[in-house]
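A.B. asks: Sharing a structure with you now.
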There are 2 protein chains.
Amino acid sequence: MKLFGYWRSSASYRVRIALNLKEIQYETVPVHLLKDGGQQKTDAYAALNPAQLVPTLITDDGVQLNQSLAIIEYLDALVPSPALVPKDPLGAAVVRTLALDMAADLQPITNLRVLQYLTGTLKQPEASKVAWIHHWVSQAFGAFEKRLETTAGRYCVGDTVTLADVCLMPQVYNAERFAVDMTPYPRIRAVVAQLRELPAFIQASPELQPDANT
Amino acid sequence: MKLFGYWRSSASYRVRIALNLKEIQYETVPVHLLKDGGQQKTDAYAALNPAQLVPTLITDDGVQLNQSLAIIEYLDALVPSPALVPKDPLGAAVVRTLALDMAADLQPITNLRVLQYLTGTLKQPEASKVAWIHHWVSQAFGAFEKRLETTAGRYCVGDTVTLADVCLMPQVYNAERFAVDMTPYPRIRAVVAQLRELPAFIQASPELQPDANT
């Protein structure tokens, strides 16, 4: 498989973790979101994803897949073990709720294109951009922390790694990058400390990607 | 079942459509997002959803579910027919991609709390708020229109109503509310014209809800 992504993209990071957990070999194709005015906006990349967002996964059959959560659910069906979404409907709902808290209600509001609109089109200063990130992270992490009260074990949902953990890790990486105070979130910190021990999560980390710091 | 929601909330609208398609009876419990500083922020509602967002579905077993896409996937497992997400992994990925284009990459960026932050905290004028909405709608609808080129039949994916349609309809309602020019999106318009014929979609429309225009 080929993964078109960017080292610091949360959505690419999620798919890397899932591919590693499933032990699926893949080739990284870097799409630099800042160089050349954003390589995701080129015609070549738009042909892979009309939304001009990363990642895109090309399967062994040559199928182009977009949207990280759709890709991960596909991989979960293709390689059922370890399961990232439980088979029982209620367990699946719990996992997907936590995943969407991060992947729908936090990440899209704080991703690069939105920050570029704030500082570019709306001419907001850097401090206002950082305050924006901190505001939405605190909303999302506050709710997530509360949910973990009833769901967490060693990981977000019990003692098994799920899609919830796959979505949490990149948002914590991002929060730390923008110096968010993690003190109010002891349960999130405890789960992330566990995730940071796992090879699949370690190998997916932004700094270890071939396009890191380019 | 009980659905805590708001007539104009896109996420509530999605769940109403899904409940109607599945022919599941439910009771509406209005949560007014503007009155009393936002009823979703009360302790009573936060106990149902720590993210202080609508909707929340209470199942017949008394289970509280949040996150519209997680709820709809749960309903799809509970009442398998009509299926809103195809059983084959590739078909499911196509449907989920379109759904996430609307529910992750458009709706969270343009929802009430973000607009309130723009006009409140960032003191942006009304025109800037409307330009924000138009910008993100055109990004998302442009990509969606392109995807429909290969996926659409009578509906978003072939001739069967799916989760993609369930997520598209509320965003078109919103776009029209903010006078977005729909001319560049003939495929979206054709699909929505079909959806507007279906009782499940008609009965879920904001204006027909008990809390409409309150």
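Coordinate-derived values only; no laboratory data. Keep in mind that this is a model prediction, so the values were computed, not measured. Note that each Cβ is placed from the backbone with ideal geometry, even for glycine, and that neighbours are counted across all protein chains shown.
A.B. asks: So which lysines pass the test for B:Lys35, namely a Cα distance under 26 Å, with those fewer than 8 places away in the same chain ruled out?
C.D. replies: Within reach: A:Lys146, B:Lys2, B:Lys123, B:Lys129.
A.B. asks: What residue in chain B has the Cβ closest to the axis turning B into A, and how close is it in whole Å?
C.D. replies: Rotation axis B onto A, closest Cβ, rounded to whole Å: B:Ala104, 2.
A.B. asks: Dipole size in debye (nearest 20) for segment B:126-170 around its Cα centre, Lys and Arg Cβ +1, Asp and Glu Cβ -1? Display every interim value, and only then the final one.
C.D. replies: Details: 4 positive and 5 negative charges, 15 e Å.
Dipole about the Cα centre, nearest 20: 80 debye.
A.B. asks: Oh, and also: Give the shape of chain A as rounded, prolate or oblate, defined through the alpha-carbon gyration tensor: a ≥ b ≥ c are the square roots of its eigenvalues, a/c under 1.5 means rounded, and otherwise the shape is prolate if a/b is larger than b/c and oblate if not. Kindly include the intermediate steps, with their values, before the conclusion.
C.D. replies: Values: a/c = 1.76, a/b = 1.07, b/c = 1.64.
Cα axes put chain A in the oblate bin.
A.B. asks: Where both partners of a DSSP beta bridge lie in segment B:1-134, what percent of those bridges are antiparallel, to the nearest 5? Each step should come with its number before you reach the end.
C.D. replies: Working: 6 of 10 bridges.
Once the DSSP bridges in segment B:1-134 are tallied, antiparallel ones form about 60 percent.
A.B. asks: Right, another one. For segment A:38-99 and segment B:86-139, what is the separation of their Cα centres, given in Å?
C.D. replies: Rounded to whole Å, the Cα centres lie 19 Å apart.
A.B. asks: For B:Asp36 and B:Glu176 in the same chain, what is the full-extension length gain: residue separation times 0.36 nm, less their Cα-Cα distance, in nm? Don't skip to the answer; put the middle values down first.
C.D. replies: Working: separation 140, 0.36 × 140 = 50.40 nm, distance 2.72 nm.
Net length gain for the segment: 47.7 nm.
A.B. asks: Taking only C-alpha pairs under 8 Å that are 6+ residues apart, what is the relative contact order of chain A in percent? Show your work: numbers first, answer last.
C.D. replies: On the way: 259 pairs, mean separation 54.5, N = 214.
Averaging sequence separation for qualifying contacts and normalising by length gives 25 percent for chain A.
A.B. asks: I've got another one for you. Shortest first, in nm, what separates the label point of B:Pro125 from those of the same position in the other copies (7 Å along Cα→Cβ)?
C.D. replies: Spacings between copies for this position, smallest first, are 2.2 nm.
A.B. asks: I've got another one for you. Put +1 on the Cβ of each Lys and Arg and -1 on the Cβ of each Asp and Glu in the protein assembly as shown; which of A:Met169, B:Gln39, B:Gly158 then has its Cα farthest toward the positive end of the dipole?
C.D. replies: Most positive-ward Cα: B:Gln39.
A.B. asks: Given Cα pairs under 8 Å that are at least 6 residues apart, what percent is the relative contact order of segment A:2-82? Each step should come with its number before you reach the end.
C.D. replies: Working: 102 pairs, mean separation 28.3, N = 81.
Value for segment A:2-82: 35 percent.
A.B. asks: Here's a follow-up. Restricting things to Cα coordinates, could you compute the convex hull volume per residue of segment B:2-82 in Å³? Present the calculation step by step, with values, prior to reporting the outcome.
C.D. replies: On the way: hull volume 6.6 nm³, N = 81.
Given the Cα convex hull of segment B:2-82, per-residue volume reads 81 Å³.
A.B. asks: Let me ask you something else. Please list, by residue number, everything in segment B:174-214 whose backbone N is under 11 Å from a paramagnetic label point 7 Å out along Cα→Cβ of B:Glu27.
C.D. replies: The answer is none, because no backbone nitrogen lies closer than 11 Å to the label point.
A.B. asks: Let me ask something additional. Note the direction-averaged projected area, equal to a quarter of the hull surface, for the Cα convex hull of segment A:103-155, in nm². If you can, show how the numbers build up before the last one.
C.D. replies: Numbers: hull surface 16.8 nm².
Directional mean of the projected Cα hull area for segment A:103-155 stands at 4.2 nm².
A.B. asks: On average, how many beta carbons from a partner chain sit within 10 Å of the beta carbon of a residue in A:115-125?
C.D. replies: Details: counts 0, 0, 6, 3, 0, 0, 4, 6, 0, 2, 0.
Per residue, the number of nearby Cβ atoms from other chains is 2 on average.
A.B. asks: Give, rounded to the nearest 20 debye, the magnitude of the charge dipole that the protein assembly as shown has about its Cα centre when Lys and Arg contribute +1 at Cβ and Asp and Glu contribute -1 at Cβ.
C.D. replies: My answer is approximately 800 debye.
A.B. asks: Let me ask you something else. Need one value for A:47-60: mean number of C-beta atoms belonging to other chains within 10 Å of its residues' C-beta atoms. Please list the in-between numbers first.
C.D. replies: Numbers: counts 1, 0, 4, 10, 12, 3, 4, 0, 0, 0, 1, 0, 2, 0.
Average neighbour count from other chains, rounded to a whole number: 3.
A.B. asks: While we're here: Ranked from highest to lowest mean number of other Cβ atoms within 10 Å per residue, what is the order of the peptides A:172-185, B:166-179? List each step's numbers first, then the result.
C.D. replies: Working: A:172-185: 15.1, B:166-179: 20.7.
Ranked from most to least packed, the peptides come out as B:166-179, A:172-185.
A.B. asks: For A:Lys87, go through the lysines and keep the ones whose alpha-carbon is under 16 Å away, minus same-chain ones fewer than eight residues off.
C.D. replies: B:Lys87
A.B. asks: Taking the beta-carbon count within 10 Å as an exposure proxy, list B:Val130, A:Val29 from fewest neighbours to most. Don't jump to the answer; show the numbers that get you there.
C.D. replies: Values: B:Val130 14, A:Val29 17.
So the ranking, lowest neighbour count to highest, is B:Val130, A:Val29.
A.B. asks: Taking the Cα centre of chain A as origin, work out the dipole magnitude from +1 charges on Lys and Arg Cβ and -1 charges on Asp and Glu Cβ, in debye rounded to 20.
C.D. replies: 420
A.B. asks: If amide hydrogens are placed 1.01 Å from N in the peptide plane, which non-local residues have theirs closer than 5 Å to the one on A:Tyr155?
C.D. replies: A:Thr160
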